[in-house]
1. If you scan the stretch 2-30, which residues turn out to be outside any helix (DSSP H, G or I) and either surrounded by 12 or more Cβ atoms within 10 Å (Cβ to Cβ) or at positive phi (or both)?
2. Any residue in the stretch 399-411 that is assigned by the TED database to the domain that holds I428 sitting within a Cβ distance under 6 Å of a residue that is assigned to a loop (DSSP other than H, G, I, E, B) and surrounded by 21 or more Cβ atoms within 10 Å (Cβ to Cβ)? List the pairs, counting only those 6 or more apart or interchain.
3. Considering only the stretch 34-54, I want to know if a residue exists there that is under 30 Å from N507 (Cβ atoms), at pLDDT below 80 and loosely packed, with under 14 Cβ neighbours inside 10 Å.
4. Regarding N484, is this residue at positive phi and either surrounded by fewer than 17 Cβ atoms within 10 Å (Cβ to Cβ) or of a type outside the set (D, E) (or both)?
5. Given the conditions (1) surrounded by fewer than 18 Cβ atoms within 10 Å (Cβ to Cβ); (2) assigned to a helix (DSSP H, G or I); (3) over 33 Å from the mean Cα position of the chain (by Cα), and given that R466 satisfies all but one, which numbered condition is not satisfied?
6. Only one of these is crowded, with 18+ Cβ neighbours inside 10 Å, part of a loop (DSSP other than H, G, I, E, B) and either in contact with a Cys (Cβ under 6 Å, 6 or more places away or on another chain) or not aromatic (F, W, Y) (or both): S321, S336, S342. Name it.
7. For the stretch 109-135, which positions are in contact with an Asp or Glu (Cβ under 6 Å, 6 or more places away or on another chain) and within 19 Å of K254 (Cα to Cα)?
8. Anything in the stretch 241-257 that is open to solvent by 40 Å² or more (accessible area, probe 1.4 Å) and farther than 22 Å from D271 by Cβ? List them, or say none.
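The values are calculated or read from the model by the stated rules, or taken from the named source; none is laboratory data. Since this is a predicted model, take the numbers as computed values, not measurements. Glycine gets a Cβ as well: all are built from the backbone with ideal geometry, and neighbour counts include every protein chain shown. For accessibility, only protein heavy atoms count, side chains too; no ligands or nucleic acids. Shrake-Rupley method; radii C 1.70, N 1.55, O 1.52, S 1.80 Å.
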Amino acid sequence: MLEEKQIEQLLLDNQILTENEIKKSKSEASAQNKPWKEYLHKEKIINEEALFDLYAKSLQVPFVNLENVTIRKDILNLIPETIAETHKVIAFDQNDLEIKIASLDPSDLEIFDFIKKKTGKTVKIYLTTPVMLQEALKQYHKGLKATVDEITHEEKDEEGASEKGVLKKLARDLPVIRIVDTILEYAIFEDASDIHIEPTEKEIIVRYRIDGVLRDAMTLPKQIHSGIVARIKILSNLKLDEHRLPQDGRFKIKNKEYNVSFRVSIIPVFDGEKIVLRLLDETSQILTLEQLGFLPNPLKIIKNAIKKPHGMILVTGPTGSGKTTTLYTIMNMLNSPKVNISTIEDPIEYRMIRINQTQVNPKIGLTFAHGLRALLRQDPNIIMIGEIRDNETAEIGVHSAMTGHLVLSTLHTNDAVSAIPRLTEMNIPPFLIASTTNLIMAQRLVRKICIHCIESYELTKTNVKRLEEQLDFENILEVLERENAIDSAKTITPLLFYRGHGCKECNHEGYKGRIGIYEMMAVDKEVANLIINKANPEKLEEQAKKQGMITMIQDGFIKAKNGITTIEEVLRVTKE
C-alpha cells in the first residue's frame, strides 16, 4: 500500500496538486471523517489505478491492469498459491523466454529469484494495484474449486471399483499432485521443519512449524482429503487401504535447488487420517559449535570433554531442542581416519561420511540395546546412541564408557542436573555414573531476532520488577557482568535489550532462524563425590554453579543482551 507521503510526492512531482491544494484536501477529508486516499478518489482528483500508474513510472517499471484478466491455469500455477498470497505476486503471462509477474513490491528480489530458479525463465516485473491483485488471486480458489469438483466427480464415477484402485487413481491425478506439491514446496521455501495436515469435520487445516512455532498456512476443502492422503502414502510407499493403524514412511524430493528428505507419520483421528511430515534438508552443512551458539567458556568445557578418550557425554532436553544436531556437530569434529565412529539412531537424520550409522528397527528386534551390543563387536572408538530410553541401553552405554569408549547420547530431562537422578532411576549405580560421565549439557532452541527489523529498547523499572517476580534477576545481572555483557550489575537502568518489530523478511514475526541456549555441568571430583553420596539435585546444581556453570536462562539472557534473541523468547522456552 502507498503511504500518504508517497502519494503526496507523486501528486507534487506530476503537478496534479500543489502543496496548498494537498493541505486543503487533507483538511476536507478530515472534516468528512474519511481517509485522504478515499477522498481523492471520491472527488475524482485521482483514482487508485492512475496513482499506481504514476508510481510505476517513478519506479521505472511497467504497470499492468489485471481487471477482468483471466489467467491461464498452467501460468497461474507456476507460482504456488500460498507464495503468491504471502508475497503479493501473481504470474499472468509467459512466453518461451520470459514470465510476466504482477507485484505490489518490485523490490522483493528474493521472490523473483525464486520464481526465476523455479521456471528457468527471465522474470519481467509489473506493478499493479492492491485491489486488482486481490481479485486476481481469487482465481486460485476458482481453480481449486474446479479441482475439487473434478476429484469428487471421479470418485462417483469409480463407484463399484475397489477402494485401493480408486485411491491409486486419485493419488496419480494431476490436481491432487499439484496440491501436494504446493504444500511441500511452500514448506521448503519457508524453511519449515514440520508440516501438519489435519482433517476436521468440514475442512483440512495445513500448518507449518517454522522456527519451532506452528503457524496456519492454508485451509483446504474436506473432499480432497482422501486424495492428499493417498498421494502421500504412494510417495512414502505405505499401504493405501490401511486407515485404522498408524503408518510411518519416508520419501525424498531432489532437484537443482534443494534435496529434502521427508519423514512421514500418519495416524487415524476422529475425522480421518492426520499426516505429519518432518523435513530434513540433506544439503545443509554441519555447523560448528560456535555457530550453534556456544559462548566462549562453555565452548572450552565441551572441547576439553571431547578430547578425553573415554567416558560419556550426555545432551538433554525435550524433543525438537536440537540435541541430535549438537551430537552430529561433535561427531564431525571427532571424525578422522584414525577413529572408528559407529552410531545407533532412530531415525538417521543426516548421512555422515566415514561414520557407520545404524537405524533401529524394533519390528525385527533391532532395538537400541540389541544394536549397541552388536556395535561393541565392531571395534569402535566412539559410539553415538540416539537416545537412552531404557535400563538395558543405559547399562550397556555406561559399561561401554567404562571400558574405553567415548559414548555420546541424549536423555529427555529438563536440565543438566536432572540427568543424574534419571540414570539412577534406570538402575545405574551412582559410583558408575560418577566414574564414567564427563559432561552433561542441557539445551533449548530460541528464535533469533530478525536482522532486518531489529530495534533496541530500554528495560524500564517496571520491566525489571516483573522479571524479579519470575526469576532471580539479581543473579542474572551478576552473570551478565561476569561474562562482560554489561558493565556493572549495580546499574540496572537504563539497560538496553533488543527485539524485532516485524517486517516482510520475517513474515512480521520479528524472528528469523534459531540458535541454542545451553547449560553445562562438567563432572569433576567434587561433583563426582556428590553423585556417589547420592546428593539431591539442588546440591549438585549449587556445586556446578560454584564451578562457574551458566544456567540455560542465564545463557539466554546473555544472548538477549547481545541482540541475538529476546527476553520474551528466553522465558518462553525455559519456563516449565
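1. Here is the first cut: in the stretch 2-30, the ones outside any helix (DSSP H, G or I) are 2-3, 14-18.
L2, N14, Q15, I16, L17, listed by residue number.
2. That search, which allows pairs on different chains as well, returns S409/I388; L411/I388.
3. Let us first name the residues in the stretch 34-54 that are under 30 Å from N507 (Cβ atoms), namely 35-38, 48-49, 51-54.
After this cut, where a residue has to be at pLDDT below 80 as well, the list is 35-38, 48, 51.
Among the residues that remain, those that are also loosely packed, with under 14 Cβ neighbours inside 10 Å are: 35, 38.
Yes, the stretch 34-54 contains at least one residue that is under 30 Å from N507 (Cβ atoms), at pLDDT below 80 and loosely packed, with under 14 Cβ neighbours inside 10 Å.
4. Values: at positive phi: yes; either surrounded by fewer than 17 Cβ atoms within 10 Å (Cβ to Cβ) or of a type outside the set (D, E) (or both): yes.
Yes; evaluated as a whole, the condition is true for this residue.
5. The one condition R466 does not meet is (3).
6. Numbers: S336 fails: crowded, with 18+ Cβ neighbours inside 10 Å; S342 fails: part of a loop (DSSP other than H, G, I, E, B).
Of S321, S336, S342, the one residue that is crowded, with 18+ Cβ neighbours inside 10 Å, part of a loop (DSSP other than H, G, I, E, B) and either in contact with a Cys (Cβ under 6 Å, 6 or more places away or on another chain) or not aromatic (F, W, Y) (or both) is S321.
7. Of everything in the stretch 109-135, just one residue is in contact with an Asp or Glu (Cβ under 6 Å, 6 or more places away or on another chain) and within 19 Å of K254 (Cα to Cα), namely K117.
8. Here is the first cut: in the stretch 241-257, the residues open to solvent by 40 Å² or more (accessible area, probe 1.4 Å) are 241, 243-246, 248, 250, 252-257.
Passing the criteria: R250, K252, I253, K254, N255, K256, E257.
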